[in-house]
Each structure stands twice: as C-alpha cells, then as structure tokens.
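A quick write-up on the structure given underneath.
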Amino acid sequence: MDVIVLGFMLLSLTIWLGLLGFWGQFWRTDQQLEVTETQLESLPVVCVVVPARNEAQLLPTTLRSLLLQDYPGSFNVFLVDDRSTDQTANFAEGVAHAVGKAQQLHIISGESLPPGWSGKLWAVEQGIKSASLFAPDYFLLTDADIEHDSSNLRRLVKKAMQEDLDLVSVMVRLRCESIWEKLLIPAFVFFFQKLYPFRWVNNPNNPTAAAAGGSILIAREALERIGGIQVIRQALIDDCALAQAVKRGTGNKETRRQLATSLSSLLQSQIPNPKYPIPSQGRIWLGLSSLTRSLRPYDSLATIWDMVARTAYTQLNYSLLILLGTLVGMPLIYLAPPVCVILGAVWSNWAIAFTGLLGWLLMTFAYYPTIRFYKCSVWFALSLPAIAFLYTLMTLDSALRHWQGRGGAWKGRVYPVKLN
C-alpha cells in the first residue's frame, strides 16, 4: 500500500512540476493592463455596448463609470434594456442626465429573444447594429455590473493600437469581500488562468484563445471579418468563443465561402491587391485589471456554486470522457498532496509525508500570486486542496444539471441544450 500511495504522490508531484515549468507560466499575474502607457497618438471612434437585464441597482455606479471615462476621442454608450422588469431603462436615463452625458447614452429596448440565440448575445447584437450607424473603429463590449476605472477605455484603445491587436480583453477584478468570495473567487481566476494561460493567449503563434466578457475591446473590422456576433450566437461561454473566432480567423461558413469565392475570382483575373483577402489569424490580448472591477456580489456558497455550475460542463464541451478525466485528475493533482502528508504521518512513512508536503508547497507557491493580487491572507493559499474539491463537486453538479435539462440558467432563462 505504501508503494502505491507513494506512486500516486510522485505522479501528482510530477504534474505540478510540469505545470509550473511548462504550462505558460499561468500562475503569474504579470499580464496586467495597467502597466502600459496611455498616451494616445490618434483617437479612434468607440461605441460601448452594454446588455442590461434587471440591473437598476448597479447602474448608478457602473453606467456612471462608463459615461465619465477620460477617453479624449469620440465614444457613445449603447445600453440594451433586455426586457427588464425593474425600470432599468429609467435608471440609466437618470444616471446620464445626472452626469450631464445624456447625448452620449443611447437606450435600446430589446426585442424578443429569437430561437438559436443566447439572451446576452442577442442583446449585444442589437446594440452593435445600432452602434454601427456611428461607424466606430472599435466596440467595447462590457457587462452592466462592471465599474470601470476612469482610464480603462483609454488604456484598452492604447493597447490595441500600440500592438496592432484585433481584440483586447481584461479580466476585471471580481468582488472579494465575503468569506466565501475570499475562499473561492481567487481560485476561479486561478483555474481560468490554468485553463487558458494568458501568455499563450497573447502569443500569436499559439492557438490558445480566451477573453473575459466583462471588458472586451474589439476592432470593427475584426468583428466583420469573422461574420459578426451571430457566429457565436448560441455560445454560453461567449467571451472565449469570440476570442477563438478572432484569433483563428474563422467566421460562419457562408462568410468564408463568399470570401473564398471572391478571392478565387480575383486571382483568376490576375487583379493585384484583391479587395477581399482570405481571413487571417487575428491578434488578441488578455490580462488582469487591478482597477476595473465587478460589483456582482457572491455572498454565499450557493451563489458562487450556481455561477460555476452554469457553464462548467459547457467548458468541458459536454464530454462525458473529459468529465470523468476531471473527476479523476482534480483529486490526483490537488487532494493527493495533503492526504499523503496525513497518511505519511500516521504510517510514520516520512518519504510519503515529505513528498506530499513538497507537492502541497508547490501548489501553494503557484496559487500565492493570485491570493496576493486579491489581497487575501496567505492561509487561503494553503486551502487550495479543499477549494479544488468544492470546484470538482460544482463541475459534477453542472453535468447533472445539463442531463436534467436545467443547464445554463441565467437571469430567468434556461438553455438546456448544447449551445456551443
């Protein structure tokens, strides 16, 4: 038995050494928007699109932060009232008048949700359609619960222009005040970074693509190149789906067919500099923000559980095989080290205990930068095994909800079928 336990622990330790050394340095928090300079050489036109469903309580803070951006160029805010029942539109109008920015706010009454669309993306589609009349160079797609730092838009635009990026996104600072938020929210960011190492996302030669839906700046040309928001209209994890489409240069089949046909015709005619080139891979960037933050509260285990369970199985591509691998892999990677410390001490097998302790210290070392970023106690870093166990249960519950036809529930809507 000792040999078997030691073997499992050595495997866990090897995995952690591999993650720390060869997995895109996912554990670091150095990819941050605020480290860039913000002087702009030109001032592109920007349109901000905000889907809002029953967000009257947060809009006095979040919408105000958008309207008071210090961006020196032309920008307008398009708030899509997604059939709210709490007078979201009235609150938004009041905020705009209060800060003297009524001319920059455009309120759109959302239409009924058509088949084949997720609610949020249908709202975004309507906002983009209205905003397109202003011929913007960029769209800023953001959520109604985000309080933007006054320089956020300026920094995003500068980043996009300076590095010639098609899409720039920041994972805003999630609320981390209650005990459950301190225990589980930093881990949510940590696991996301492990799934999509930001350095890989930001490397144009690496196929890894991801974005954070709270704050996405996308070039209008890039959005048109992939075929528009309708390309991802069914995606529950819409931010990552959009990033993947932009980075891979893929749109819907009809868009690609039309572009390929146009190019073929032009080449046959030997016309130089064809007007419709083949879609190329896009350049994207994803990082953290210490200034722009989400105000969405997660005061209880239940609220965080529902947030994760809503899309966890979607993240696994609804694959039973990947789910089984997750249910085996998570305990092996995260639970084995502390269990081996305990067993080694009980059995007086110091080889097992020491190996388990080394593995536990490695995962604590990996988690600590995220804990420090969220200004939490170092003791939360040591609790990562227990946190991982909870996330494993959330993932299993996500699969159960999907099989029961309750998957993807959000804002009173349920998407029980495989959407992406």
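Laboratory data are not the source of any read-out in this text; all were calculated from the coordinates shown. The structure displayed is predicted, hence computed values, not measured ones. Glycine gets a Cβ as well: all are built from the backbone with ideal geometry, and neighbour counts include every protein chain shown.
Would you mention how many residues in the stretch 289-310 are crowded, with 19+ Cβ neighbours inside 10 Å and either touching a helix residue (DSSP H, G or I) at 6+ places or on another chain (Cβ under 6 Å) or closer than 16 Å to Lys158 by Cα (or both)?
7
What do you reckon, is Thr326 of a type in the set (Ser, Thr, Tyr), under 30 Å from Leu6 (Cβ atoms) and within 22 Å of the chain's Cα centre (by Cα)?
Criteria met by Thr326.
Can you give me the number of residues within the stretch 321-340 that are in contact with a helix residue (DSSP H, G or I) (Cβ under 8 Å, 6 or more places away or on another chain) and either at positive phi or of a type in the set (A, V, I, L, M, F, W, C) (or both)?
Within the stretch 321-340, residues that are in contact with a helix residue (DSSP H, G or I) (Cβ under 8 Å, 6 or more places away or on another chain) and either at positive phi or of a type in the set (A, V, I, L, M, F, W, C) (or both) number 9.
Select from the stretch 17-51 the residues that are part of a loop (DSSP other than H, G, I, E, B) and farther than 23 Å from Ala209 by Cα and list them in ascending order.
Across the stretch 17-51, the qualifying residues are Glu37, Thr38, Gln39, Leu40, Glu41, Ser42, Leu43, Pro44, Val45.
Answer yes or no: is there a residue in the stretch 343-366 that is within 30 Å of Glu55 (Cα to Cα) and assigned to a helix (DSSP H, G or I).
At the first step, the residues of the stretch 343-366 found to be within 30 Å of Glu55 (Cα to Cα) are none.
No, that holds for no residue.
I'd like the full set of residues that are basic (Lys, Arg) and in a loop (DSSP other than H, G, I, E, B), limited to the stretch 154-180.
Correct list: Arg175 only.
Applying the selection to the stretch 99-118, what residues are within 20 Å of Gln57 (Cα to Cα) and either of a type in the set (Val, Ile, Thr) or surrounded by 13 or more Cβ atoms within 10 Å (Cβ to Cβ) (or both)?
Across the stretch 99-118, the qualifying residues are Val99, Lys101, Ala102, Leu105, His106, Ile107, Ile108, Gly110.
Could you list, in sequence order, all residues of the stretch 282-339 that are under 28 Å from Leu20 (Cβ atoms), of a type in the set (Phe, Trp, Tyr) and not in a helix (DSSP H, G or I)?
Passing the criteria: only Trp285.
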